[in-house]
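Note sheet for the following structure.
The values are calculated or read from the model by the stated rules, or taken from the named source; none is laboratory data. Please read all numbers here as calculations on a predicted model, not as lab measurements. Every residue, glycine among them, receives a Cβ derived from its backbone with ideal geometry; neighbour counts consider all protein chains shown. These accessible areas exclude ligands, DNA and RNA; they are computed on the full protein's heavy atoms, side chains included. Shrake-Rupley method; radii C 1.70, N 1.55, O 1.52, S 1.80 Å.
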2 protein chains.
Amino acid sequence: MILAIPLDTEASAPLYEQIYSYIKNEIRNGGLHYKDRLPSARGLAQALQISRNTVDLAYDQLASEGYIESVPRSGYYVCRIGNLTHLNAERIVPARSVLSRDETYRYDFNPFAIDIANFPYSVWRKISRNCLSGENHELFLSGDWQGDRNFREAIAKYLHASRGVSCTADTIVIGAGTGYLLQLLAQLLRPREGIGRIAFENPTYIKAYRTFQRFGYEAKGIPVDAEGISLRELIASGASIAYVTPSHQYPLGTIMTVRRRTDLLAWAAEEPDRYIIEDDHDSEFRYKGKPIPSLQGMDSANRVIYLGTFSRAVTPAIRAGYMVLPPELLKRYRAEFAYSSTVSRFDQAILTEFITQGHFERHVNKMRTIYKAKHDCLQKALKRFGNDIRVTGEHAGLHLVVEFLKEPSEEELIEKAEKAGIRLFGLNAHYIEKPENSVPTLLIGFANLTEEEITSGIHRLYDLISAKE
Amino acid sequence: MILAIPLDTEASAPLYEQIYSYIKNEIRNGGLHYKDRLPSARGLAQALQISRNTVDLAYDQLASEGYIESVPRSGYYVCRIGNLTHLNAERIVPARSVLSRDETYRYDFNPFAIDIANFPYSVWRKISRNCLSGENHELFLSGDWQGDRNFREAIAKYLHASRGVSCTADTIVIGAGTGYLLQLLAQLLRPREGIGRIAFENPTYIKAYRTFQRFGYEAKGIPVDAEGISLRELIASGASIAYVTPSHQYPLGTIMTVRRRTDLLAWAAEEPDRYIIEDDHDSEFRYKGKPIPSLQGMDSANRVIYLGTFSRAVTPAIRAGYMVLPPELLKRYRAEFAYSSTVSRFDQAILTEFITQGHFERHVNKMRTIYKAKHDCLQKALKRFGNDIRVTGEHAGLHLVVEFLKEPSEEELIEKAEKAGIRLFGLNAHYIEKPENSVPTLLIGFANLTEEEITSGIHRLYDLISAKE
């Protein structure tokens with residue numbers, strides 16, 4: 001039968017491939033069996049009136065894939081192969097991003113969202129055009145593991161000037177977002193033997209907490225008082241690493257005092273291999289007074305790892321975070337983590353220009369004004385609740401922390417609002433251990449709403465809640 | 001003294017900031033001490049002939065940073081703070097990428113390099129311009145965690161058509177390069193309790209091996225015979241995960257036979273939580289016959305994780321890898337790893353167009369022809385060595401495996417060539433355990449050299465070696 005392979009000389013597939021496919025299918029469908037002998041290449045070529053090479057090519061391919069094997073001075077034989085049925089992968093509903101605006105809500109008070117209506121699109125377009133234009137072919141090669149040097153230099157300048165971070169291009173490591181950098185740190189900081197112990201402010205950026213847990217760390221939540229993370233409890237926890245957000249506690253928005261900062265730095269300096277991870281998220285957006293200088297800038301013992309990102313201040317579309325490593329960790333990173341950079345070189349080039357040409361600073365200043373207006377507008381709208389609520393975490397960031405003193409349950413409040421087309425986010429999701437008798441508290445984001453939407457959204461929420469009473 | 005703060009009304013810094021900085025420095029320099037009382041805001045305002053608000057603003061800032069604190073009905077007092085000296089981060093020489101061409105060599109036979117001289121730059125520019133132009137603002141928001149849907153759809157189509165991978169957009173996860181995806185997998189596959197056991201072909205992609213080791217896995221090297229990874233040894237190893245490169249063993253270039261594939265799939269199906277990671281690197285570049293279909297396409301038990309990247313076929317400047325997850329792992333990923341995507345949305349958009357407009361296929365076909373010519377040229381040039389060498393791993397990928405039968409040492413050979421301006425890469429670096437009496441073997445890459453360079457480079461190497469005898 002194999003001598004009767006139907007060949008279609010009009011077909012797009014070359015003849016050798018038709019022969020290959022035919023025989024392969026015969027084998028897979030059981031038309032040809034283990035140890036069956038194939039016709040000689042010459043014989044088949046004659047039978048099909050085609051060139052010997054064509055058949056050889058088909059046989060080679062079948063042999064290279066292991067369907068047939070050549071037995072010297074005898075010919076080609078079918079190999080033993082198991083059953084090869086296909087199965088379509090199960091369909092699963094795709095994930096949706098919490099970060100982009102959810103149009104299914106009329107009012108989305110998402111604290112993770114940002115305002116991109118005022119992004120300098122034309123500038124961005126122009127820069128990106130310039131970066132790709134001309135003979136800049138080098139940009140299409142893989143770049144420096146740590147991130148492209150001029151990009152790191154631009155970041156170093158910015159961090160030094162605006163955040164008081166003590167760093168050079170050499171001490172900066174670029175990565176695809178803080179999420180990725182935290183995974184890197186979890187690997188970098190893991191002790192040679194035994195398990196790592198890390199402390200987090202409670203509440204905190206829960207994804208950071210989970211990341212370290214997943215890497216086998218014993219992760220503890222430490223209470224936060226008015227000055228910042230509790231030193232007493234931190235010491236009691238036995239942790240050697242502390243993940244903190246000093247300039248703007250996430251999500252509460254409190255500022256770590258200088259006293260607490262110096263105590264924390266002293267704690268880190270006490271023992272070798274104690275480190276502080278300073279996540280300086282949202283540091284660009286402070287609406288009263290000057291930005292709070294970084295903790296890292298106060299560190300004289302090289303124990304602070306400084307972490308930041310461009311996704312809030314520029315756009316989350318770009319996955320570009322950065323960290324400043326102390327010399328010891330930098331050595332370890334260089335020795336063990338020399339993987340290709342995870343950040344697109346095009347984005348690195350565009351961001352570099354965006355920063356060095358001054359657009360970044362301009363944009364941040366512009367957004368600060370816009371966000372301040374929205375922040376003030378939200379504060380004003382919330383007054384409607386009078387003494388039923390307590391607002392904290394003002395004057396910075398992209399959300400306010402609002403305690404609803406008269407509400408029985410955070411979850412019910414959120415659910416109720418959701419039914420009315422208002423999307424709210426609760427504080428509970430940020431707790432490692434939820435403190436007893438905590439008041440229902442919302443993190444009300446204002447970045448991605450107009451002032452009109454903020455006002456009417458909050459008023460609608462008020463009506464919704466007061467309707468109950 | 002504090003009443004005599006020098007104010008410069010011409011200065012760019014606002015007055016409140018000058019006051020803030022002055023007092024802050026006094027505190028930091030010890031000019032003001034713990035418990036020192038500051039003048040009242042009103043008093044200072046009068047003394048400096050400025051508005052009360054300006055002083056309040058400065059005091060607020062100092063208080064919010066914890067330099068001073070307000071004692072009700074008494075005034076502002078300096079807080080206790082430790083010593084705050086700075087230390088400049090130690091300078092360390094920056095890392096260099098192995099992937100880009102090293103100009104310090106006259107001939108760089110880097111097997112990791114690719115040829116970007118023939119990249120369709122203008123097409124890329126055009127597409128990127130279109131992606132950014134117009135009102136496509138949505139692109140500046142953060143996208144889907146798993147990767148943008150249309151990007152995953154384009155990849156699914158391609159993988160299904162050209163690699164026989166059974167997948168849908170829903171089962172594909174995008175990540176910043178295979179390095180990152182392997183880190184994700186190491187987390188995803190870690191057993192609930194106990195340590196994970198993973199087997200690698202020996203030799204293998206050593207970075208994958210190290211990654212799993214770093215995640216606490218017990219990683220074993222399994223010998224590779226002519227058909228592929230040794231099943232007997234794999235079973236003996238007690239591993240539940242196998243990392244393999246079936247269509248083109250890395251770095252040896254052998255092809256796993258269908259028999260071995262079915263045996264491997266049967267092994268995986270035997271036990272729950274057994275998985276195979278199929279790294280399909282370089283699958284686009286096969287110079288004889290058709291591409292070898294993927295192992296994943298033969299898998300009827302949903303145990304194969306398919307891994308691929310665009311950095312070799314398009315450009316390493318883009319950090320875009322993809323993996324196809326079996327339903328069980330996809331559920332786990334959705335439940336626990338819903339982090340922001342690590343791939344730039346701009347690159348995702350550009351690549352999507354690049355693929356759907358047919359440029360990707362055209363480019364790959366073009367590069368296949370170019371690489372084949374270089375491959376053949378290298379083979380030809382190597383003939384000069386006659387029986388002193390043995391060449392394997394032909395007809396695919398971007399390097400040849402060359403055993404130097406008469407050379408005493410791989411390292412010496414590489415070092416000697418290096419002195420003569422020829423950069424060579426040895427096989428030893430890819431071994432988990434180096435087998436006894438192994439022959440000095442080089443992985444000679446040809447992608448980033450012209451045919452002239454290949455020929456003269458190899459001839460020069462020949463002269464260098466024969467000169468010794």
ask   = In this structure, is B:Ser438 under 19 Å from B:Asn110 (Cβ atoms) and among the hydroxyl-bearing types (Ser, Thr, Tyr)?
value = no
inquiry  = So, A:Leu32, is that one of a type in the set (A, V, I, L, M, F, W, C), in a loop (DSSP other than H, G, I, E, B) and in contact (Cβ under 8 Å) with a residue 12 or more places away in the chain or not?
reply    = yes
task = Assess whether B:Ile255 counts as being facing chain A (nearest Cβ under 10 Å), open to solvent by 10 Å² or more (accessible area, probe 1.4 Å) and under 27 Å from A:Arg28 (Cβ atoms).
result = yes
message = Looking at region B:70-93, can you tell me whether even one residue there is in a helix (DSSP H, G or I), modelled with pLDDT under 70, over 30 Å from A:Ser142 (Cα atoms) and not β-branched (Val, Ile, Thr)?
response = no
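Going by the structure shown, is B:Gly457 more than 28 Å from the chain's Cα centre (by Cα) and either at pLDDT below 95 or surrounded by 15 or more Cβ atoms within 10 Å (Cβ to Cβ) (or both)?
yes
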task = For residues that are facing chain B (nearest Cβ under 8 Å) and within 30 Å of A:Phe425 (Cα to Cα), scanning just region A:115-125, find the one that is surrounded by the most Cβ atoms within 10 Å (Cβ to Cβ).
result = A:Ile116
task = Output the residues belonging to region B:42-53 that are closer than 19 Å to B:Val71 by Cα and either in contact (Cβ under 8 Å) with a residue 40 or more places away in the chain or touching a strand residue (DSSP E or B) at 6+ places or on another chain (Cβ under 8 Å) (or both).
result = B:Gly43, B:Leu44
key: Residue identified as basic (Lys, Arg) and in contact with a strand residue (DSSP E or B) (Cβ under 9 Å, 6 or more places away or on another chain) among B:Arg312, B:Arg334, B:Arg362, B:Arg319   = B:Arg319
ask   = Checking A:Val314 against (1) out of contact with any His (no Cβ under 8 Å at 6 or more places or on another chain); (2) surrounded by 16 or more Cβ atoms within 10 Å (Cβ to Cβ); (3) in a loop (DSSP other than H, G, I, E, B), which test does it fail?
value = (1)
message = Condition (residue is part of a helix (DSSP H, G or I) and charged (D, E, K, R)) applied to region A:442-452: is it met by at least one residue?
response = yes
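Residue-wise test of (1) modelled with pLDDT under 90; (2) under 28 Å from A:Leu181 (Cβ atoms).
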| position | (1), (2) |
| --- | --- |
| B:Leu99 | yes, yes |
| B:Asn110 | no, no |
| B:Ala117 | yes, no |
| B:Gln146 | no, yes |
| B:Val173 | no, yes |
| B:Gly179 | no, yes |
request  = Kindly provide the set of residues from region B:435-450 that are over 30 Å from B:Arg368 (Cβ atoms) and in contact (Cβ under 8 Å) with a residue 60 or more places away in the chain, ordered by number.
outcome  = B:Pro435
query = A:Val55 versus (1) within 28 Å of B:Gly297 (Cα to Cα); (2) open to solvent by 30 Å² or more (accessible area, probe 1.4 Å); (3) more than 12 Å from chain B (Cβ to nearest Cβ): which is the lone unmet condition?
reply = (2)
query = helices (runs of 4 or more DSSP H) wholly in region B:126-238 with at least 3 residues that are open to solvent by 50 Å² or more (accessible area, probe 1.4 Å) and more than 9 Å from every other protein chain (Cβ to nearest Cβ) - which ones?
reply = B:149-163, B:231-237
inquiry  = What's the total number of residues in region A:329-355 that are modelled with pLDDT of 95 or more and open to solvent by 40 Å² or more (accessible area, probe 1.4 Å)?
reply    = 1
inquiry  = Can you tell me which of (1) more than 11 Å from chain A (Cβ to nearest Cβ); (2) open to solvent by 10 Å² or more (accessible area, probe 1.4 Å) is the one B:Asp280 doesn't meet?
reply    = (2)
remark   = Of the residues in region B:426-441, those that are open to solvent by 30 Å² or more (accessible area, probe 1.4 Å) and part of a loop (DSSP other than H, G, I, E, B) come to B:Tyr431, B:Ile432, B:Glu433, B:Lys434, B:Pro435, B:Glu436, B:Asn437, B:Ser438, B:Val439
query = In the set B:Ala4, B:Ala47, B:Ala11, B:Ala41, which member is over 24 Å from A:Thr262 (Cβ atoms), more than 13 Å from chain A (Cβ to nearest Cβ) and open to solvent by less than 30 Å² (accessible area, probe 1.4 Å)?
reply = B:Ala41
inquiry  = Looking at region A:16-36 only, could you name the residues that are more than 15 Å from B:Lys290 (Cα to Cα), surrounded by 15 or more Cβ atoms within 10 Å (Cβ to Cβ) and within 12 Å of chain B (Cβ to nearest Cβ)?
reply    = A:Ile27, A:Arg28
query = Within region A:383-398, is even one residue within 30 Å of A:Ala154 (Cα to Cα), out of contact with any Leu (no Cβ under 6 Å at 6 or more places or on another chain) and surrounded by fewer than 16 Cβ atoms within 10 Å (Cβ to Cβ)?
reply = no
Residue identified as crowded, with 24+ Cβ neighbours inside 10 Å, polar (S, T, N, Q) and assigned to a loop (DSSP other than H, G, I, E, B) among A:Ser300, A:Ser294 = A:Ser294
note = Matching residues in region B:166-183 (touching a strand residue (DSSP E or B) at 6+ places or on another chain (Cβ under 6 Å) and within 23 Å of B:Pro316 (Cα to Cα)) number 7
task = Among the residues of region A:317-328, count how many are more than 8 Å from chain B (Cβ to nearest Cβ) and open to solvent by 10 Å² or more (accessible area, probe 1.4 Å).
result = 1
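Can you tell me how many residues in region A:356-370 are part of a helix (DSSP H, G or I) and either of a type in the set (Gly, Ala, Ser) or open to solvent by 20 Å² or more (accessible area, probe 1.4 Å) (or both)?
The total comes to 9.
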